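These notes concern the structure reproduced below.
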Amino acid sequence: MNKSAPRADVRRSAATTRRVSTSDRLAGWRAHHRDVALDSLRRLFLRSPLGSLATWLVIGVAMALPGALYLALDNLDRLASRWDGAAQISLFLKLDVADEAGSQLAQKLEREQGVAKVQFISRQQALDEFRELSGFGDVLNQLERNPLPAVIVVQPLEATLGGGAEKLLAKLKALPEVEQAVLDLQWVQRLTAIMALGQKLALALGLMLSIGVVLVVGNTIRLAIESRRDEIMVMKLVGATNRFVRRPFLYTGAWYGLGGGLVAWLALTICLLWLGNPVAQLAELYGSDFALGGVGLRVSLLLLAGGTLLGWLGAWFSVGRHLSAIEPR
C-alpha cells in the first residue's frame, strides 16, 4: 500500500485552500473599499449637504485661481503665435542708393532663404510717413532735401533670440547697399519675460493654494473624527486596526478634493464661455479670428486628479495626527 499518496493529496488540498483563501481576502478587500467609498459619499450628501457644499466651493475657488492664470497664459501664448509681426529686420539703405535699386534689392531678398516677407519703403514714403506721425510738417517742408534713407523691412521666417533671425541679420548687414541693419526683438524679449513671470506666478499661486486646500480638508476631517469619536472607540474595542478605521476618512477627503476639482472645472468653463463672445468681437475689430481656448482635457484631468490627491493628502495628515489620540480606556 502506498502511504505517500494520501499525504500528497493533503498537501494539494492545503495549497488549494490557501489559494482560495487569498482570493477571498482580495475580493473582500475590494468589496470593503467599494462599500466604504460609497458610504463616505452618502454621508457627504445625506448627513451634511450644506457643509459639504461649502467645502467644495472653498476648494473649487482655491483651485480655479491658478487654473485661470494658467489658461490666461496659454491663450496669450496662442495669440502671440498668430501674430504676423514677429521680429523684423530694418535695413537702412545708403543715401546714394536710388529707389529703383532699392526696390530691386528688395525683390532679390524675397528669394533669400529664411525670409518670409519683404517690404520696401522709399525715401519719399518714409518722409511722408514721418511728416504724418510727427506733426512737424511745416518744419519738414522747409528742408532743401529729404534726409531720410530708403528702408527695406525684412520679416524672417524664424523670430527667435538665438536662431535664424540673428544669422540673417549678419548676412544682410554685409550688403554694400546697406548703411545700417537693426533687428527689432524688443517686443519678443518683453513678451518672453512676461510669460516667464506669469508662469512663476501661476506655480507659486498653485503651490500656496494647494497647501490651503490640504489644510481645509484636514480641518474638515478633524471635525469629522471628533464627531465620530465614540464610533471609533467602539471599533477599536472590537479589534479594528488604525488602517481599517482611517479608510473612510481617506475616502471622505478624496471626495472633498474631487468635488472641489469639479467645481473649479465648472467655474473656469463658465468664465470662458462668458468671455468668449467679447474676446471674439475685440479680435474681429483687429481683423483676427482669434477665439479663447477651452479648458481642455489636460487641464480637466489635472483639476480632477489634483483635487482628489490634495483631498486625500489632507485627510491622511489629519487622520494620522488625531486618530492616534483616540484610544479606548
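Remarks
- In a residue-by-residue description of the stretch 225-232, the property of being more than 37 Å from the chain's Cα centre (by Cα), surrounded by 14 or more Cβ atoms within 10 Å (Cβ to Cβ) and assigned to a helix (DSSP H, G or I) applies to at least one position.
- Residues being part of a helix (DSSP H, G or I), at pLDDT 85 or above and surrounded by 14 or more Cβ atoms within 10 Å (Cβ to Cβ) - total across the stretch 154-198: 1
- Restricted to the stretch 1-57, and to residues there that are farther than 25 Å from Val263 by Cβ and of a type in the set (S, T, N, Q), the residue that is modelled with the lowest pLDDT is Thr17.
- Looking only at the stretch 294-327, residues that are out of contact with any Gly (no Cβ under 6 Å at 6 or more places or on another chain) and either surrounded by 14 or more Cβ atoms within 10 Å (Cβ to Cβ) or hydroxyl-bearing (Ser, Thr, Tyr) (or both) come to 14 in all.
The values are calculated or read from the model by the stated rules, or taken from the named source; none is laboratory data. The structure presented is a predicted model; accordingly, all values stated were derived computationally and were not measured. In this analysis, Cβ positions are derived from the backbone assuming ideal geometry, glycine residues included, and neighbour counts consider all displayed protein chains.
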